[in-house]
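Below is one structure, written out as structure tokens, with a few remarks after it.
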Amino acid sequence: LKYNGQERYGEVLYFTWLAVEADILDDADWRFADVAIIQLYSLPDNALFQLSSHTVASCSPLDDVCVVPVKKIISVVAMIPHTPKLPSGVIKDRFFMLQKPGLQISNLGINHVDKDDNDN
């Protein structure tokens, strides 16, 4: 998400249309804008990001909610819950970003046993 000139992570709560003035000089000229209502995450913990060679972007959900044009969404990622011990020594519930999780994440934590799997 591009927000206030920064790339940020957030959870889309809703997609909607918002009526906005198309021309501020004409009160009768309105249009609909495609927007997303997003709950923001904190910026990644910089110390953990550096220690992980820029591979673990660990964030906390914030209470901040913003409305942004849909075209400001850069990419869709998964935010996976984890409880790391941060370099500061704090153990805290957080979320780390995972790009392109793929279909294998749909089976995460489920052990499938196929009774007809006799192909050796």
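What follows draws every value from the coordinates through simple rules; no lab data is involved. Being a predicted model, the structure only gives us computed values, none of them experimental. Here Cβ is always computed from backbone atoms with ideal geometry, including for glycine, and neighbour counts include all displayed protein chains.
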Query - Fully extended contour minus Cα-Cα distance, from T83 to Q39, at 0.36 nm per residue - result: 13.8 nm
Requested in this report: Provide the per-residue ³J(HN,Hα) series for segment 23-36, in order, calculated from phi with Karplus coefficients 6.51, -1.76, 1.60 and θ = phi - 60°, each as a whole number of Hz, with x at glycine and proline positions.
Outcome: 9, 5, 8, 10, 5, 8, 9, 10, 9, 9, 10, 7, 10, 10
Query - Residues whose placed amide H lies under 5 Å from that of S42, excluding near-sequence neighbours - result: S60, L62
Query raised in the report: Which lysines have a Cα lying under 17 Å from the Cα of K2, excluding residues fewer than 8 positions away in the same chain?
Result: K71, K72
Query raised in the report: What FRET efficiency, computed as 1/(1 + (r/R0)^6) with R0 = 22 Å and r the Cβ-Cβ distance, is obtained for F49 and Y14, rounded to the nearest 0.05?
Result: 0.15
Report summary line: Counting Lys and Arg as +1 and Asp and Glu as -1 over every other residue whose Cβ sits under 11 Å from the Cβ of P69, the net charge comes to +2
